[in-house]
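All remarks here apply to the structure that follows.
Readers should treat all values here as calculations from the given coordinates under stated rules, not as data from a laboratory. It should be emphasised that the depicted structure is a prediction, and the values quoted were computed from it without experimental measurement. Cβ atoms come from the backbone with ideal geometry, glycine included; neighbour counts cover every protein chain shown.
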Amino acid sequence: MMNDNTNHRVLIQFAHPALQNSRVNRRLISGVESMAGVTFNDLYERYPTLYIDVEREQELLTQHDIVILHHPFYWYSTPAILKEWQDLVLQHGWAYGRQGRALEGKFLFNVISTGGPRQAYTTEGRNHFTLRQLLAPLEQTATLCRMHYLAPFAVHGTHLMPAEQIELYTRDYHHLLQALVEGRVDLDRAAEVERLNDHLAQLIQDDHVR
């Protein structure tokens, strides 16, 4: 499962119901639509009535190797449209079940923003669980679909984050996307860590950014 220097196609399933209010996410996604090997799929923009084109979404999934669920962390879960997407698109017999092997071998992870600080997402913090623990339902969803689940790329403390720090997160996110496309990420190790963005220098081959 390690990096093999083979180019990968990356699909970003983006879901933010109030993007106009999010300084951080607007900056994180800026420019990703023009990145080679990356497909940016804004679910709320494409499906404003939540009527999801299942056939289109399944085709997108089959065309890509790595799937990113990029969203704010709403009530310890995803925004509503991503739950609707899971319910309709990840069908029995297609995504899971004895005959459901359409996603087998692909990779899934979350890019998440939280208003609360990082220390809130610890066993000692006010949320009582780590972010990785709170994402267990999505990790198990990936497992059920025979996918490989990677650690999240997490941006904490967005409400008070200064512009300079937003730029650092944006740089790291775009750097990670490029490395994923180019097959330069140690995917075995990326599945084991708590947060991808804590370990980019170790995860990305020939990484001289840090």
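Observations on the structure shown:
- Sequence-distant residues sharing a close amide H with residue 110 (under 5 Å, placed H): 69, 153
- Contour excess over end-to-end distance, with Cα ends at residue 53 and residue 168 and 0.36 nm allotted per residue: 37.9 nm
- Counting Lys and Arg as +1 and Asp and Glu as -1 over every other residue whose Cβ lies under 13 Å from the Cβ of residue 138, the net charge comes to +1.
- Note on region 63-210: with charges restricted to the Cβ of Lys and Arg (+1) and Asp and Glu (-1), its dipole about the Cα centre is near 380 debye.
- Three-way shape label, region 122-210, alpha-carbon gyration tensor, a/c 1.5: oblate
- Reciprocal mean inverse distance between Cα atoms of region 9-133 - Kirkwood radius, Å: 15.8
- Positive contributions from Lys and Arg (+1) and negative ones from Asp and Glu (-1), summed over other residues with Cβ under 10 Å from the Cβ of residue 12, come out at -2.
- Think of it as helices only: each DSSP H run of n ≥ 4 in the chain is worth -39500 (n - 2.57), and spread over all residues that comes to -9000 deg cm²/dmol at 222 nm.
- DSSP beta bridges in the chain [antiparallel fraction, %, rounded to 5]: 10
- Loop-located GluC sites (Glu not before Pro) in region 158-187 (DSSP state other than H, G, I, E, B) with a sparse environment of at most 15 neighbouring Cβ atoms within 10 Å are absent.
- Loop-located chymotrypsin sites (Phe, Trp or Tyr not before Pro) in region 58-123 (DSSP state other than H, G, I, E, B) with a sparse environment of at most 14 neighbouring Cβ atoms within 10 Å: 75, 76.
- Unit charges on C-beta of K, R, D, E only; dipole of region 54-109, Debye: 160
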